[in-house]
Amino acid sequence: MHRSTPEMVQQNQALTERITRAHGVMTAAMADLLAAVAEAERDESYWAHGSQTASEWLVANLRIHSRTARTWARVAKKLSDYPRFGELMAGGELGFDQIKETLRFVEPADQDLVAEDVIASTAEELESNARSVRRVTPRQVEQTRKERWFEGFFDRDEMKYHFKGSIPGQDGLVVDTAMRLLAWNNPEEPLSDVPKDPNMALADAFVEMASNALAEHPNHDLATVVVHADASLLALSDRVGVAEHGPDVPMEAIRRMTCDGRLQLVAHAKDGSVVGVGRVTRSIPPWLRRLVRQRDDGCRFPGCGRTYW
């Protein structure tokens, strides 16, 4: 246990004052920035720079995250109706986080009445209050659902799959719960002195969710991962096969997948002919169709190239 000396107390007081003073300067600067962003929103001056929104302009010129830019733009637009809060922020008395949460539940007509309480409250307390009084209309719920999206693509050089997207919060709750359940409660996870990185555990859980979905799908043909490989290279760990409409797959990974996954391996000779097909069902047409898909690499109609339907 460290004992406080008069010198340490004095030093800590000086440091506290320095941090508080710096935060006040930063808050005042943020108030000026938000006022400028609100002005840009009103006169749409961002069009002169080739941007379609103020948040796009902020990203392009300040190199900030798009999520941060959207938050600034949203707060700036609302803060225009709250001159009292704007004054407190410009004076360094009200921080950005406090403002952001307060604007979610305080009406403009009430800003003078609640100003002192807001100053004395933490951002977490204000966020909790905002949640307790928040109202959501059916139209807002439907709009949120319409805005869901997912984008994924293969980086063939790095042999990786990148993805991003957005779904309604209630659906995200299901995904998040399932991933954490698989990540932290896997009875088959081998014990190790070195704990797995949390982000790696969640990534593994995401793959396991997809793998379980394929395993339970009634149509074995559609739910099968197909990889083509040179038969003469199957025993070499430093070579690769090629997934159907996908990236290169290391041979080591192929051997692992054939042990516990629904994978169909199509082996080719040097001349391209098929040496063997590892079947996952007793039906011949499905694997034959896979060979045709691999041969044609999509629709043969000129200019189409479609790989689905």
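The values are calculated or read from the model by the stated rules, or taken from the named source; none is laboratory data. Please read all numbers here as calculations on a predicted model, not as lab measurements. Cβ coordinates were reconstructed from backbone atoms using ideal geometry, including for glycine residues, and neighbour counts include every protein chain displayed. The area values use the complete protein model at the heavy-atom level, side chains included, leaving out ligands, DNA and RNA. Shrake-Rupley method; radii C 1.70, N 1.55, O 1.52, S 1.80 Å.
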If each residue of separation counts as 0.36 nm, what is the full-extension length gain between ALA35 and ASP176 once their alpha-carbon separation is subtracted? 47.1 nm
For region 80-199, the per residue accessible area (1.4 Å probe, Å²) is 76
FRET efficiency, ARG70 to GLU116 (Cβ-Cβ, R0 22 Å, nearest 0.05): 0.15
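Measure off, as a whole percent, the carbon and sulfur share of the 1.4 Å-probe accessible area of region 28-168, all protein chains present.
Result for region 28-168: 48 percent of the exposed heavy-atom area is carbon or sulfur.
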Where does each of 290-296, 224-230 land if you order them by average Cβ count within 10 Å, highest first? 224-230, 290-296
Entries of LYS146/LYS196; LYS78/LYS164; LYS78/LYS146; LYS164/LYS196 with Cα pairs more than 27 Å apart: LYS146/LYS196; LYS78/LYS164
Contour excess over end-to-end distance, with Cα ends at ILE19 and GLN143 and 0.36 nm allotted per residue: 40.4 nm
Ordered by number, the trypsin sites (Lys or Arg not before Pro) in region 1-59 that occupy a DSSP loop and have at most 15 other Cβ atoms within 10 Å are ARG3
Dividing the Cα radius of gyration by the Kirkwood radius, what Rg/Rh value follows for region 1-142? 1.08
Can you give the FRET efficiency to the nearest 0.05 for ARG63 and SER166, using r as the Cβ-Cβ distance and R₀ = 22 Å? 0.50
